[in-house]
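Okay, structure first, notes after.
What follows draws every value from the coordinates through simple rules; no lab data is involved. Remember, predicted model here, so these are calculated numbers, not experimental data. Glycine gets a Cβ as well: all are built from the backbone with ideal geometry, and neighbour counts include every protein chain shown.
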Amino acid sequence: MPHPLVDQLRFTRTEFIRGIRGVTDDDARRRIGPMNSISWNVGHLAWQEQQYFVTWPSGQRPFPDIDREFASGGPASTPPLQRVLDAWRALAAAADPWLDTLTSDDLERHVISGGSELKRRYGDLLQRVIYHYWFHTGENAAIRQQLGHARLPQFVGSIDAKAPYRPDR
């Protein structure tokens, strides 16, 4: 059984995707400054999944273009939605086997990058990604409101059924 924080990450991912379901490529590429475009947000979270849950644990970087285009502090852009969604899905799938192995002890370990120990622990990264998803989920909802979309998803969805509190035992 995955660690409870991994369950929360997976629920958060589904809510992020639920929040953009039905968005057209044109709308996903619209930028209402100073906000990012929806498609940039997808690419940005793909970058974070790759960096934190694929590259740091394994040294692999399957999508170097995602790394170049969507890192924190990178320039705003309006990429095709399908391109970043495909990368996001592939990176989440690549991260999942490693995430499934995590224990509470693993989450206490410090991240090693380039042979150096970082100040952050894997548990810190997992929480950071979860909260980051919620930030961009809200930003995407605001963008959709500005674009005049109706019947937006209400957040938070079925957390009690899909990701209830579960102690780590």
Applying the selection to the range 32-54, what residues are closer than 15 Å to residue 96 by Cα and in contact with a Pro (Cβ under 9 Å, 6 or more places away or on another chain)?
-> 50, 54
Considering the range 7-28, residues that are of a type in the set (D, E, K, R) and in a helix (DSSP H, G or I), and then whichever is surrounded by the fewest Cβ atoms within 10 Å (Cβ to Cβ), we arrive at 26
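Looking at 130, 112, which one is touching a residue at least 12 places away in the same chain (Cβ under 8 Å) and touching a strand residue (DSSP E or B) at 6+ places or on another chain (Cβ under 9 Å)? Lay out the reasoning, then the answer.
Working: 130 fails: touching a strand residue (DSSP E or B) at 6+ places or on another chain (Cβ under 9 Å).
Answer to the check: 112.
Could you list all residues from the range 59-81 that are in contact with a helix residue (DSSP H, G or I) (Cβ under 7 Å, 6 or more places away or on another chain), in a helix (DSSP H, G or I) and not β-branched (Val, Ile, Thr)? Steps first, answer last, please.
Step one: list which residues in the range 59-81 are in contact with a helix residue (DSSP H, G or I) (Cβ under 7 Å, 6 or more places away or on another chain), which gives 60-63, 66-67, 69-71, 76-81.
Checking which are in a helix (DSSP H, G or I) leaves us with 66-67, 69-70, 81.
Answer for the range 59-81, where residues must be in contact with a helix residue (DSSP H, G or I) (Cβ under 7 Å, 6 or more places away or on another chain), in a helix (DSSP H, G or I) and not β-branched (Val, Ile, Thr): 67, 69, 70, 81.
Provide a single number: the residues in the range 138-169 that are free of Cβ contacts under 8 Å to residues at least 40 places away in the same chain, of a type in the set (D, E, K, R) and assigned to a loop (DSSP other than H, G, I, E, B). Don't jump to the end; show me each part of the working.
Going residue by residue through the range 138-169, those that are free of Cβ contacts under 8 Å to residues at least 40 places away in the same chain are 138, 145, 148, 150-151, 154, 158, 160-161, 164, 169.
Narrowing further to those that are of a type in the set (D, E, K, R): 151, 160, 169.
From what's left, assigned to a loop (DSSP other than H, G, I, E, B): 151, 169.
Going through the range 138-169 one residue at a time, the tally reaches 2.
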